[in-house]
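The values are calculated or read from the model by the stated rules, or taken from the named source; none is laboratory data. Model, not experiment: these values are computed from the prediction. Methodologically, a virtual Cβ is constructed for each residue, glycine included, from the backbone with ideal geometry; neighbour enumeration extends over all protein chains shown.
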Amino acid sequence: MDTKASGGRILAFEDGKVIFEENSLGKDVYIIESGKVEITKQINGRRVTINILGKGDIFGENAMFANVPRSVTATAIGRTLLISMSMEELIYRMQTNLQFAIELFQSLVSRMHNTDLALKNVLSKIHSFSEGLIQDVFPEKRPLKVGEILIELGYLTPSQLDRCLQKQKEIHIFDYKHKLLGEIMIEFGIITEEQLREALAEQKMRLRSRSE
């Protein structure tokens, strides 16, 4: 992005200086003139880096367009120079400089894509770590999984189970919703509803025996 034609105010931040914090209020958008900016977010009590931005990148636009608190924390990496612009200044610049407007949207789309991939990767790692921790630390708490029972009954192969588990994880991470494993197996045409009911009945019986 041609930052020289952007207007706005030049701000300088030293290494490690916080530009704005998650959940803080603010309506200015920033374009990086030089240096780098680390974008982090609090996820499950951990500070996670979701992007590293460089010269020409724009950030802070969510609070400006949506009028909501900042959703991330931005921190300078090394000495960093930023161009700070208000909504009015940004809109004016977009109206009077078509090339600037095109590059602005290209930068936003690219950054949103990279941020989305980073968040999905983090959530996937947290999900896998949590499952592994429960099984390693509390093996006696490990549930009798319906997928394994279906394999024992001869209705399912291990590779089919892996495929369905991966699909379930993708739905949970990408669509932010939970879908039962049995539903996915039926949708894929791997098992029938009758076979699922049989496996669930077997699971219930084994759980009852374990608790006695």
Qualifying residue in segment 54-63 (condition: closer than 22 Å to ALA12 by Cα, part of a strand (DSSP E or B), in contact with a helix residue (DSSP H, G or I) (Cβ under 6 Å, 6 or more places away or on another chain) and not aliphatic (A, V, I, L, M)): no
Unique residue being modelled with pLDDT of 60 or more, β-branched (Val, Ile, Thr) and part of a helix (DSSP H, G or I) when the list is ILE191, ILE186, ILE173, ILE126: ILE186
All positions within segment 81-112 that are within 22 Å of GLN42 (Cβ to Cβ) and either surrounded by fewer than 17 Cβ atoms within 10 Å (Cβ to Cβ) or at pLDDT 80 or above (or both): MET112
